Structure formats: structure tokens, C-alpha cells
Amino acid sequence: MADNMYQLAGKVNVPAEKKDEMNKYVLEIMDKCGIRKMEKMTVAGVEVTVVSPVQPNEAGIVMFDYSIFEKKQREISTYNLNTCELYAEDRGYDEFNIVINMIMVLQEVYTNGGCYLIKSGKLYNIKGYLLMLQGVLKKRITLPGRIRMWDTYLFFRNSEEYQTVTYMDLLNDYSESYGELDIEQLLVVWEVENQKLTFPSEKKISRREEIDSANLFSRAEYAYRIFCRMNEDEKNTMESFLAELLNLNFSERKERLIREDQKGIIAELSLYVLPAYLILAYAQAVGKDFWEVWNSFGSKGYSDVIQEVHPRNNDFDFRIIPFYRVVRRKNEDEFLEFWDGRNLVLSQDMKECIQCWKEQFHDISVPSDMLTERFLAKIITRLKNIHFRYVDKAFVTEFIEHGNDLNHQKALILLERLLDKGQEYFPELTGEQADEWIIQQKRGKFDCVAISALSSLLTNKRQRNQIFGF
């Protein structure tokens, strides 16, 4: 059964010129947040499961089924680089799902309207995901689709499933993290939902020449007065004119300004006023329902208007939510494959642990009869049996290729020592037996983290060389 608490309403439609950028970010998110693809390989005659960072195939399809932080196999999900579409039915509600939601938020960002993240059938406030994306991608992410509230409101109004979305739903959803709010779009949602224009008490327009210097409410009220003065014949021709006007771009509407009659005035107002305002003024003037008139035109209407200048807040705080906190970690001890020596938040215990590994590593003696590949297969099997993360394919391949190198052998012995910790109390058992029967249940939380951390560190060649010298 599909995990569908979180869904996208609408259709992903990323502009062609933005697809490469979005695809780059999606792959970066998957990599840094631990999304991998599982596969089988043979090590010393033993079939083992390993994971690799995701890569697109020749058709541009990215397949993935595992999170190194969740440590659970999922059904295969896909992301299509050609269409930027995501297919993920088996995602659960933990680390894997968090990454899926991050990608869906990015789809909403790049679709820029007409695509919204929904939770349990309701518009979902995604401020937290935006701050998480900013933390992973190290760049400011805004949500232009949600700052245009009339477009959002109209989208849900025209959908079959989500028609109950209200002005208050949109207002409660808004966050400054989305970007600077389009005030005109906010106000028109309020006016339309209440089916009544807000009339100004002063600064009313008395003649056409005052339109360009007037405010929004004065322009809407002026349109209302124009419509109120029409006779029946004029109302019929005006309705046809409005239906035409809604589908014209700014330049085409500007051409209608040469008219000196009522239609010329309405055309000039359309340069400043969103179409919903004009239709609301008309509907109120002639005593019709707004939606009856709007739907009869069958158009979303133009959106290119001259907007009033409002003070803009360009001094946004660049805030982030670190991914490790969202996946219920207190630090980034398990993220050592991404460590550059400074960029991670490590616990004091982990810092001391790394120093201890360094000292132990140089004191390790390698048995002359050590069979590296067989030793490696045993470690991989033990990690699987005690439900630790699967090891990286590149790590396995490298250690097989350098099976006769003392440093690679010493690293495996160091990893085995972590797995064997506590076995000294059960000398009659093998490491595997002690793990399965006793130690697995008794192993402390940090000991579990340390095993994952060392596995992670050994895939980080740069820091591995700094610490262990190879």
C-alpha cells in the first residue's frame, strides 16, 4: 500500500532551462542525506549486499531504495531527470520519507505555481523543509508560487479534491521564508471570499487621469462606479469586453487605452488591477455572483500588472535546520564520509574516539596468514546480521583491490575490534555468536554509532589519509 500522507497536488512542470539546476540539487540532496541504491556483489564467494550513491541510468532515471540513516530496505523509487518527476510509493515516515518530502518541496519550488505539497488533504506549511533545504544546499530557497495567493487560491478552487481551501488557510500557511508576499494577491483573495469590495473613504478617483497615482482600493471602487452607470446594453457588451480583456497581455491591453469610453477606462485599470478585482467590481455592480461570472469566462486571466511599490524587506536572515536534527541525531557523528575536518558537528566522545582509533591503528599487527577478502566478507555479513548500515560498494571494491596492503588490512582489523567489543566476557563464543546472542542487545548507543562512524570514515579517503595515513 502506498504511503500517501504527503502528496503533490497539481502537476510537476519544471521549465526546460531550470531542469539541469533542479536535477543537480536533487542528486546533491540524495547524496548528503544518505539515499542509496542497493545491489548484490560477491566477496570471497559470499553474496553480500552493498550500497552506492545514486546515479542516473542511460535513460535519465535515478533508482534508489535505501537510506543509510534509516537502515531499511524500501521498494525501488525513481526520479526522472527528463521530467523532474518522482515516483515513491514505499517511503514510510522516517529518514527516507523526509528526503522524499524535500524533493517534493523542490518540485514545488521549481514548478513555481500549479504544484503544492499536501499533507492529509490539506495545504502543508513547508517552512521547515525550506530551512532544511537551505542547510543541505547552502543557498537561499524561496517559494514564489505560494507568495502569489490568488493564483494558489484559484488553483485549489478549480481542483476537485481541495476546493475547501480558504483565505485563512493560505494566510496561516504563509511564512516569510517563502519570500516577500504579494499584497495585491492576498487582498483579492480576501475580497473575493467575502464577495464584497472594500471601498475607500477618501482619495476616490474623480477622473481618468488620476488612475496611475491612485491606490488599489480606489481603482477597484472606480471600476465599480463605471459598471454601476451602465445600462443593460452596455452591461452586455462590457461582459464580452471583459472576457476578451482577461486573455490579453499587458501590451495588448495597453493598446485598448486609445478608447475614450468606459471600455477604455476599464482597459487602463487592467494595467494596474488583477482581473479578479475587475470581475468582482462588475459582479457586485450588476448583482451577480462572482464565481458565476468568473467561470463563464473560462480563463485564469492575465497577471502582468503594474504593482504598487511597497517597502521591501531584502534583509532576510539566512536560517537553516540541520538535517541531522530532523533525523533525530544530536550530532553528525554518523556523517563522517562527508567530513572535511571542520564542517561537521561532532560530539566530544566522537572526537576522542577518532583519536583513539588513530592510536590503535598504528599499533595493530597484521597476521601473516590474513585473507583480506574473506575477512571483509565476514565483517559485511556481521554488520548485516546485527542490522547496521550496509557498507559502500566503493569501499568494498577498494579493500578487495588492495587486499595485500597492510594499511587496508589494519583498518579491517580495527573495525572488527569495534564489533568484538564485549566479547572478552564470552571467550567460549565466536564474535558472530556473541553478537547475535548477547552483545547486540547490550551494546550501548554510542558503540553502535561508533561502528557506523568508522565504516563511514573509511570511505572518506581524504580524512582517512589525514588520520590513518592511507
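The values are calculated or read from the model by the stated rules, or taken from the named source; none is laboratory data. Values in this document were obtained by computation on a predicted structure and should not be read as measured data. Note that each Cβ is placed from the backbone with ideal geometry, even for glycine, and that neighbours are counted across all protein chains shown. Remember, those area values only see protein heavy atoms, side chains included, never the ligands or the DNA or RNA. Shrake-Rupley method; radii C 1.70, N 1.55, O 1.52, S 1.80 Å.
Key figures
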read-out	value
Net charge over other residues, Cβ less than 14 angstrom from the Cβ of LYS288 (K, R count +1; D, E count -1)	-2
Expected 222 nm ellipticity per residue - DSSP helices of 4 or more, -39500 (n - 2.57), all of the chain, to 500	-14000 deg cm²/dmol
Virtual spin-label span in nm between ALA243 and LYS122, 7 Å along Cα→Cβ	4.0
Magnitude of the charge dipole, the chain, Cβ model with Lys/Arg +1 and Asp/Glu -1, debye to 20	640
Rounded percent of accessible protein surface that carbon and sulfur make up, the chain, 1.4 Å probe	47
Förster radius 22 Å - calculated FRET efficiency between ALA394 and LYS19 (Cβ-Cβ, nearest 0.05)	0.20
Derived scalar couplings ³J(HN,Hα) [region 9-20; Karplus, 6.51 cos²θ - 1.76 cosθ + 1.60; whole Hz; x for Gly, Pro]	8, x, 10, 5, 9, 7, x, 4, 6, 9, 5, 4
Stokes-Einstein diffusion coefficient of the chain, Kirkwood radius over Cα pairs, 37 °C, 0.692 mPa s, in µm²/s	123
Burial order of peptide ranges 53-59, 147-153 (average beta-carbon count within 10 Å, highest first)	147-153, 53-59
Anisotropy class of region 34-99 from Cα gyration tensor, a/c 1.5 cut	oblate
Farthest toward positive dipole pole in the chain [+1 Lys/Arg, -1 Asp/Glu at C-beta], among TYR129, ILE61, LEU216	TYR129
Folded to 0 to 90 degrees: helix 372-385 orientation relative to the chain principal axis, Cα	50
Calculated FRET value between ARG140 and ASN343, using beta carbons and R₀ = 30 Å, to 0.05	0.95
Most positive-pole-ward Cα, THR237, PRO275, VAL286, against dipole of region 216-289 from beta carbon charges	PRO275
Cut-off under 5 Å, modelled amide H: who pairs with TYR272 long-range	ILE306
Projected label distance in nm at GLU292 and HIS387, using a 7 Å step from Cα toward the beta-carbon	6.3
In sequence order, calculated HN-Hα J values of region 29-44 (Karplus, 6.51, -1.76, 1.60; Hz; x Gly/Pro)	4, 4, 5, 5, 9, x, 7, 9, 10, 7, 7, 9, 8, 9, 10, 6
Where labels lie 7 Å past Cα in the beta-carbon direction, separation of ASP405 and ARG229 in nm	8.7
Within region 1-159: Cβ-based charge dipole about Cα centre, in debye rounded to nearest 20 (Lys, Arg +1; Asp, Glu -1)	700
Potential extension, MET5-GLU75 segment - 0.36 nm per residue separation minus Cα distance	23.5 nm
Reachable lysines from LYS288, criterion Cα separation under 20 angstrom, eight or more residues apart if same chain	LYS196, LYS235, LYS263, LYS300
Net +/- balance of residues flanking PRO200 in space, Cβ distance below 11 Å, scoring K and R +1, D and E -1	+1
Residue (of SER206, GLY179, MET168) at the positive-pole extreme of region 168-214, dipole from beta-carbon charges	SER206
FRET efficiency, GLU176 to LYS351 (Cβ-Cβ, R0 25 Å, nearest 0.05)	0.10
Highest-first arrangement of 382-388, 41-47, 68-74, where packing means the average Cβ count within 10 Å	68-74, 382-388, 41-47
Label point 7 Å beyond Cα of GLN360 along Cβ direction - residues of region 449-470 with amide nitrogen under 11 Å	450-451, 454
Accessible surface, the chain, averaged per residue in Å² (probe 1.4 Å)	49
Whole-Hz ³J(HN,Hα) from phi, Karplus 6.51 cos²θ - 1.76 cosθ + 1.60, for region 52-60, glycine and proline x	9, x, 6, 9, x, 7, 4, 8, x
Tensor-based shape of region 187-291 (alpha-carbon gyration tensor, a/c under 1.5 rounded, otherwise prolate or oblate)	rounded
All lysines inside 21 Å of LYS71 as judged from Cα atoms, apart from same-chain residues fewer than 8 positions distant	LYS32, LYS37, LYS40, LYS330, LYS378, LYS384, LYS393, LYS442, LYS445
